[in-house]
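The values are calculated or read from the model by the stated rules, or taken from the named source; none is laboratory data. None of these values were measured; they are calculated from a predicted model. Don't worry about glycine lacking a Cβ; one is built from the backbone with ideal geometry, like all the others, and counts go over all protein chains shown.
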Amino acid sequence: MSQMVLDCVIACVFSCEVVQSTCWNEMKERDEIVWGLRVQFSDGEIIYIPDISTKWSDAERLRKRLEGATLSAEFLPDIVDDYLGELYG
């Protein structure tokens, strides 16, 4: 029987900040401000997720959840997807 070994680096979220960017809204036919996160891990890796919500408070709530968390950076997109599922069903 073979075993699968996963190379998964676990790190602590060193810093997490809410960032602002713009995204084209086709329905409104204009740019719209969106809020995302810039997440830095204790191993130096930085991940930028530019478009989480049009509401600053939604991005801030996720930032607070992530601050100081111990996780693998590769799972961050899954965590964001789960969070958006909580918000929008």
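Assorted remarks:
- Counting residues in the range 24-41 that are of a type in the set (Asp, Glu), in contact with a strand residue (DSSP E or B) (Cβ under 7 Å, 6 or more places away or on another chain), touching a residue at least 40 places away in the same chain (Cβ under 8 Å) and in a strand (DSSP E or B) gives zero.
- Within the range 44-65, the only residue that satisfies the criterion of being assigned to a helix (DSSP H, G or I) and of a type in the set (Phe, Trp, Tyr) is Trp56.
- Residue that is surrounded by the fewest Cβ atoms within 10 Å (Cβ to Cβ) [pool: residues in the range 20-45 that are farther than 15 Å from Leu84 by Cβ and under 11 Å from the mean Cα position of the chain (by Cα)]: Arg38
- The combined condition, being in contact (Cβ under 8 Å) with a residue 40 or more places away in the chain and part of a loop (DSSP other than H, G, I, E, B), is fulfilled by Gly68.
- For the range 48-89, filtered to residues that are over 15 Å from Glu17 (Cβ atoms) and among the aromatic types (Phe, Trp, Tyr), the residue that is surrounded by the most Cβ atoms within 10 Å (Cβ to Cβ) is Tyr83.
- Those residues of the range 1-19 which are loosely packed, with under 14 Cβ neighbours inside 10 Å, at pLDDT below 90 and part of a strand (DSSP E or B), in sequence order: Ile10
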